[in-house]
Every structure is written in structure tokens, then in C-alpha cells.
DNA sequence: CGTAATGTACGAACTAGTGAGTTCACCGTA
DNA sequence: TACGGTGAACTCACTAGTTCGTACATTACG
């Protein structure tokens, strides 16, 4: 017979698959209901396994939540790292970085919600995670290099640092998603309306570049 | 004997005071723990009255939460209305509106947290409140008038509306508070550090004006 | 047979909400 | 002015239903 290691058909015991399955469901549940609102029983039910497995693999609700955060942040960092800033004109590079953040956040509403939830809890779970503490930040590194080059040529103003600019970009991109519902309820406009998407995407990079070159 | 109506010393029965007391405590509890995380028993304990009174005056946890939101939003709207935009140069007026939002949010972290929490719940409580639906928006009105005047004189670009600009300003001002903890945990910088306050306040209005006049 | 993985049933602790009775200020009336 | 009636404001103890976590049994697998 063949198939020795990666078993076929109905494999019932698969540590990695079970873990990933639980994490997928837990991500949705936590992003949807918040940490306190999320129910372990609910997560278990939507999983192909049982509640017992959640405790077996992760230890408890809080550790599961931290594992969800760790996976979500890691995924974003990997995406940021895929942008090659080095071979672009500084202005173009910064526009590109803003657009990448814009696109990424829009495509990952669950991540934005997890970040909001984590802030409600004063980021105490992030602080507790060694994995998240050790994660590099490619987007910020790229911004730093682009800003340096733009300042050397005298095109960019010198009274802001990379973190300031990152803050501006994140503000706009995060707000669109994080405050979507209250904004719509109060002003009657959906910030994610596809009809305004290109306008806002362009507005953000213009905003940053106009400011840097003023 | 004197003191007929407003009794002295130990007044034990005071509808308005009791209601306000409950709302004060509830605001802090909900802002701190979120809707699900907040405990009615906890609110009751920190109040000078009892849990039964919360149900007596507000009906339930959810109605209490809505009452908290209504009071918080009303307070902000009143503040916004106090800004006189009409007699200012359009550019100055917009800078002033940005600064008012900046200052206000910084001074009211509980409000920002309530907004974040409400977004986690898809703004369903705001949508359910008739009071919040009927609230005017002075800041947006002021922005609209200032933008119109700036465009008439040809100084401002014409491809953005007041809500776009309001979105930019809110993004920056809300993000500083709402994402303070994750930002600090990841980048090691407290966005509310007083040392950077003036820099950021100036950066925001420059950002908006440089963009509008580019 | 020993160990890793899995399923089921249960329980201790907690939580929103309520039932029922009490105190207090005020008012009309004798 | 004594007095009983009235309703709002208030207290306390209780309950019905959740929710996280676990003890215990069972199954696959080397």
C-alpha cells in the first residue's frame, strides 16, 4: 500500500488541520462578538471538533484569543514585507505604501475589528505575547527609507518622522473600517461604498504627499 | 424652620440625582469594559443606589447603555455648536474645527471608547435610538460653509466634499485615542504623549489645508 | 499495551432580571 | 392639626438561565 505519512480520504486525526480549523472559527467569532461576547461553546459548535479540543490545544479562552491575534498580525506583516520600496522614487514609494495599507485593511475587516477589540482591552493580550513583541514592522521600515531619500533631495519637509506618517496613513485606513457603522448611522454615508473607493484611495496619498512637499 | 423645597444635609430621595449618578457610573463601566463586559451588579455597587433602581429607571442593561450613548453624543454636539465659523477666514475656520475635534476627543476618551464599542456592535444601539437619529451635526455644517466660501474664492480644490474632510479629521483624532494601546504596544510610542501634542495638532490642520490648497 | 487524541456529561460560578414588601413626602379632610 | 390614603422612590433576597472549564470514558495508533 502507498500513502504512508500524509494519510488519505477520511483522516480523523490531524493535529495541524484541527488547530487551523479552530483558529479560523475563533477568529470569526472573536472579531464578531469581541472577547467577552465570544462564546467558547459557539466556537466549538462551528468547528469540526469539540470544545474539549480547544482546551486540549490552546488551554483556554484567553490563550485561544492570543493565538488568533498572533496569527492575524503575522499574516499582515508578511504582506507588508512583500512591497519593494527600494527601487521606487520616494514619492511613489510612499503612495504605494499608503495604497497597500488601504487595500489590506479593506480586505481584512476581521483584523481591524480584532485590533479595535484589543484596544478596548488596553492591548493587554498583545503585551503578554512574546511572538507579537518580536514581530518586525516592514511597512515602517519602508517608510523610513523613503522619507530619508526624499529629505536628502530636499523634496520632503524634515519636521516629521516615519511614525508620524504611518500614524496618518493608519488613521485613515483603520477609521474607514473600524468606524464604518457609527459613521453610516450618523452621516448616512457608507465609507466603504465602492463608488467612492478610488476617490478615497487617491485622497489619502495626495493628502500625505501634498503635506510632505508643501 | 427654614429650607422648604431644596432640602439640606442628607436628602435621600432625588430622582434626577439618582438617574445622573447611575449614568455617570454606567458611562465609566461601559467605556471601560464594553457592553458585554460591563456588569450591572458592578455599576449598581459603585452607585449610591441599588441594582433594582437601574431597572426601575432605565428598564434594563441595554436601555441603560443607550441612555449613556445619548448623553455622550448630546454633550459633544453642544460643544461643536459653540464654535463660530461664520466670521472666520475659511482656512482659519477649518483649522479651528480640526483643533476643536482634536481637543475634544483628547479630553473625552470615554466617548471615543463608547464609539469603538458601538462599532463592534455594528452601531445597532445608535440606530435604535430616536434621540441620536434626530441630533443635528454642527461641525459638519460649519465645514460645509467654510468649504463653500474657500471654493468660491478659488483657493480650495473642488473635488472633495465636507464629509470627506470631516472623515479625514475624525480619522486622525479618533485613531490617536482609539488605537492608543495597540500602537504603543507595537511601536513603543504613546500617541498622547504631551511632548508631541502640539506637533500633531499642527500636523493635522496643515495636512488638511495643504491638501485643500494644493 | 501505552500514549496521544477525542467525545460526553456535568458542575461551580456567575449574571441579568424580578417579586414582594418598605419608607417617605405630600395631600385632602375632619 | 391629627390622620389616613396614595404613589413614587427605594431595599433585599431570590431565580432562571448561561458560561467556562473539567472529570471521565473512549478510540485510534505505533
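The values are calculated or read from the model by the stated rules, or taken from the named source; none is laboratory data. What you are looking at is a predicted structure, and each value in this text was computed from that prediction instead of being measured. Virtual Cβ from ideal backbone geometry, glycine too; neighbours counted across all protein chains shown.
Counting the residues of segment A:184-208 that are within 9 Å of chain B (Cβ to nearest Cβ), part of a helix (DSSP H, G or I), surrounded by 18 or more Cβ atoms within 10 Å (Cβ to Cβ) and in contact with a helix residue (DSSP H, G or I) (Cβ under 8 Å, 6 or more places away or on another chain) gives 8.
Being at pLDDT 95 or above and farther than 26 Å from residue B:141 by Cα is a condition met by at least one residue of segment A:170-182. Checked against (1) facing chain B (nearest Cβ under 10 Å); (2) assigned to a helix (DSSP H, G or I), residue A:160 passes all but condition (2). Scanning segment B:118-132 for residues being over 16 Å from residue A:180 (Cα atoms) and more than 8 Å from chain A (Cβ to nearest Cβ) gives a total of 4. Regarding residue A:181, is this residue within 7 Å of chain B (Cβ to nearest Cβ), farther than 24 Å from residue A:86 by Cα and under 21 Å from the mean Cα position of the chain (by Cα)? So residue A:181 fits the description; yes. Residue selection: residue B:149 satisfies the criterion of being in contact (Cβ under 8 Å) with a residue 12 or more places away in the chain, more than 7 Å from chain A (Cβ to nearest Cβ) and either surrounded by fewer than 21 Cβ atoms within 10 Å (Cβ to Cβ) or closer than 22 Å to residue A:109 by Cβ (or both).
Please specify each residue of segment B:36-49 satisfying the condition of being farther than 13 Å from residue B:21 by Cβ and within 13 Å of DNA strand D (Cβ to nearest atom). Within segment B:36-49, B:36, B:37, B:39, B:40, B:41 meet the criteria.
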